[in-house]
Every structure is written in C-alpha cells, then in structure tokens.
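The values are calculated or read from the model by the stated rules, or taken from the named source; none is laboratory data. Since the model is a prediction, treat every value here as computed from it, not as a measurement. FYI the Cβ positions are ideal-geometry reconstructions off the backbone, even for glycines, and counts take in every protein chain you see.
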Amino acid sequence: MKATRTKLAALIALAALAPRPVPAQQSVADFYKGKTITIINGGTPGGGYDVDARVLARHLGRHIPGAPTLVVQNIPGARGLTSVNRLYATAPRDGTFMGVVLRGLVTAPWLNPQGVQFDIAKFNWLFSTAAEPGVAIGWGLPATYSIDDLRKNELVIGGSGDSSIIPRVFNYTTGTRFRMVTGYPGTSELVLAMERGEIQGIGYYSWSNIPAKNPEWITQEKIRVILQTGDRRLPELKDVPLVSELAINAEKRQVQDMWLAPLEIARPYAMPPGVPAERVAALRQAFAETLKDAAFQEDARKAGMLVDPRTAEEIEALLARLSATPKEVVEDARRAVPE
C-alpha cells in the first residue's frame, strides 16, 4: 500500500512538470469583434484630412476581420504634431488606435525637429490613400507667361500652411520670384483673395482641388498653371514643367526632394510601434480592399476625396530614401525655409 502511494505521488509530480497545452492564439477576428478603432486626426474638423478620415471610417470596418466600429478623434495642435506625438507615445499598442499623419510631419524629423517626440521609422505604416501633386497658379496671366517671366519679375502670392512654405522652396531651388503675402487663415481665404485680385496667384495648390471645386478656372481660362510637382507630368498638364526639371543644379534637386517627398504619400495612416504583426497585416489588407470598394469609391467621389493609394512598402521606401539624404543636403534644405 505504501509503495502504491509512493508511485502515485511520483506520477503526480511528473504530471506537474510536463509541458501544458498552449492556449490557441486569439484570432484577429476574435480580437476585433465588438471593438472600436479610433482614428486620431491632427487636422481641424471639416478640413481635408478630417473629411477623408470620416469617409474611410464609414467603410473600413467592413473589411477588417471582426467588423469593428471606427471613430475619428480630432486632436489639432502644432500643425498635427500633437496628435502624432500622442499616437507614438501614449496610444494603446493593441491595434485599436491608428492615426492619419499630416504630410508635413513625414519630414519633420529632418527639417523641423523641434517638438518631435517620435521615431518616424518605428511606426507601423498601413497605407496612404493618395499622393497629392500640386501646382503654382497665376490669376489672369497671359497664355504666354512662362517660368522665364517668373524668374525675371515678382509674382505676388498668398500663403497659408504649405502654400506659404513650398513656394519659398521653389524660389530657393529654381530661381523663381514668388513674393509672399502671409496672414491668410486658410486655403478658402486664399482663393477669395486671388479671385478678388488682392494677390496674383497661389504658389502651391493641390491640383485635385481645381477640377473638383473650380473647373471654370480651367474651362474659362481664368488661371495659368505655371509649374507642377510630382515625379511625372500629369496627362492634363503635359505642357507644364515639373519643378524638378527647373532645379538650378543636382544639389538643389535634392533639397526639393526633402520638402516635396511628403506629397508622394500625402494621406498616410499608421499605428504605433508594438502592435501585433497579424493585426497590422489585417489592417493593411483592409485598406487595400476598402479603396477598391464600390460603395467607398462613390462616397469618396461625393466628398471630393482624392484616391490615389500608396502601400506601406512604398511609404517605408520613401522614408528610407529620406534617411539616406546627406547631412549637408538636409542643412541646405533647412536654409530654404529658415523660420
């Protein structure tokens, strides 16, 4: 009897030492079922980033396993820096928070690092809904007006946000003579000022806005498109030079790239570091499916949302390119817009 008890005790001890079955990993669908994903937006309510995020929020959940609800939370401040710092440092890292990164912040670690509290390379990049080529336009200029004219004589333009920064880069890298009038609170005020004749044009304006909001500028020949950004000429602007074609030299072309690269991924979405890889992969797939969804496309069309997507891999490749920029080029780029 004693031997039997001893043998039983030994078996119990061995059972305690044996490896226990590992619980099945929670699936992406199980995790997201009944959950809410918050999209942090550093833009102001009603602005372009806000409109785009809300259109996405209405459709993206259908393509995520578990069909979570999506909501948009506006955290404006410091040109979007407040929201991105918060996304990186304090947002939960479980896949329930993502953010749309205002495009100027893509190069902030190099060009304007003050206040940056994130490592741009450590975000989990999901997708960019669009590239955003821009143009410099003049109001009521003759059809013969050219870059040579702009290099010889000043053109008075209004500035707000990117439209107050990028034309200075044009001047610094191509020899154009845009003269800036600042103080306009936003793009709509710039447009009104141009139409009233208070300024002669806008030195940087998203091309997609013109056919969507003011097609008469083109059909009635009210504007002259002077130059365009991007890596290739748009088919409808085949006679308008790219700013890269106008660079004074190769070094100034690199300066342009530092400032204009964010336009290639103008609406990027990211999750903070540390999110489980399978949830990141599921969100990337959901973005790809959503942007091809007919209901989303119709909603986007009605909202005037530009859809010209870039993948996470393309975003990461662009950031790698920027990271490889020589230090002297970065310093020169800062001189283009010293303030």
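A quick yes/no check of all residues on (1) assigned by TED's automatic domain parsing to the domain that holds Gly104; (2) farther than 24 Å from Ala121 by Cβ; (3) surrounded by fewer than 19 Cβ atoms within 10 Å (Cβ to Cβ):
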site	(1), (2), (3)
Ile226	no, yes, no
Pro235	no, yes, yes
Lys238	no, yes, yes
Asn249	no, yes, yes
Leu283	yes, no, no
Ala288	yes, no, yes
Asp293	yes, yes, yes
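Output the helices (runs of 4 or more DSSP H) that fall wholly within the range 279-339 and possess 3 or more residues being closer than 24 Å to Gly230 by Cα and of a type in the set (Gly, Ala, Ser), or say none.
Numbers: elements: 294-303, 312-323, 327-336.
By residue number, 312-323.
One residue stands out among those in the range 121-167 that are surrounded by fewer than 20 Cβ atoms within 10 Å (Cβ to Cβ) and of a type in the set (D, E, K, R): the one that is nearest to Val51 (Cα to Cα), which is Lys122. Being of a type in the set (A, V, I, L, M), touching a helix residue (DSSP H, G or I) at 6+ places or on another chain (Cβ under 9 Å) and under 29 Å from Ala281 (Cα atoms) is the filter here, so list the residues in the range 298-339 that pass it. Result: Ala300, Ala303, Met305, Leu306, Val307, Ala312, Ile315, Leu318, Leu319, Ala320, Leu322. With Phe118, Phe127, Phe123 as the choices, which residue is without any contact (Cβ under 8 Å) to a residue 60 or more places away in the chain and either of a type in the set (A, V, I, L, M) or assigned by TED's automatic domain parsing to the domain that holds Thr325 (or both)? Being without any contact (Cβ under 8 Å) to a residue 60 or more places away in the chain and either of a type in the set (A, V, I, L, M) or assigned by TED's automatic domain parsing to the domain that holds Thr325 (or both) holds for just one of Phe118, Phe127, Phe123, which is Phe118. Here the condition is being closer than 27 Å to Ala324 by Cα, surrounded by fewer than 21 Cβ atoms within 10 Å (Cβ to Cβ) and under 16 Å from the mean Cα position of the chain (by Cα); of Pro109, Pro113, it holds for Pro109 alone. Figure legend. Inter-residue proximity from the range 139-168: first residues at pLDDT 95 or above, second residues outside any helix (DSSP H, G or I) and aromatic (Phe, Trp, Tyr), beta-carbon distance below 8 Å, spacing 6+ or different chains. Indicated pairs: Leu150/Phe178; Glu154/Phe178; Leu155/Phe178; Ile157/Phe178; Pro167/Phe178; Pro167/Tyr204; Arg168/Phe178.
Return the only residue of Ile75, Ile39 being at pLDDT 95 or above, outside the structural domain of Ser206 (by TED's automatic domain parsing) and touching a helix residue (DSSP H, G or I) at 6+ places or on another chain (Cβ under 7 Å). Write out each step before concluding.
Numbers: Ile75 fails: at pLDDT 95 or above.
Exactly one of Ile75, Ile39 is at pLDDT 95 or above, outside the structural domain of Ser206 (by TED's automatic domain parsing) and touching a helix residue (DSSP H, G or I) at 6+ places or on another chain (Cβ under 7 Å), namely Ile39.
Would you check if Glu278 is within 22 Å of the chain's Cα centre (by Cα) and assigned by TED's automatic domain parsing to the domain that holds Ile39? The answer is no for Glu278.
Let's see how each residue does on (1) under 18 Å from the mean Cα position of the chain (by Cα); (2) under 30 Å from Asp257 (Cβ atoms); (3) surrounded by fewer than 15 Cβ atoms within 10 Å (Cβ to Cβ); (4) at pLDDT 95 or above:
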position	(1), (2), (3), (4)
Asp299	no, no, no, yes
Lys302	no, no, yes, no
Thr311	yes, yes, no, yes
Ile315	yes, yes, no, yes
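For the range 171-221, which positions are among the hydrophobic types (A, V, I, L, M, F, W, C) and either in contact with a Phe, Trp or Tyr (Cβ under 9 Å, 6 or more places away or on another chain) or part of a helix (DSSP H, G or I) (or both)? Passing the criteria: Phe178, Leu190, Val191, Leu192, Ala193, Met194, Ile199, Ile202, Ile210, Ala212, Trp217, Ile218.
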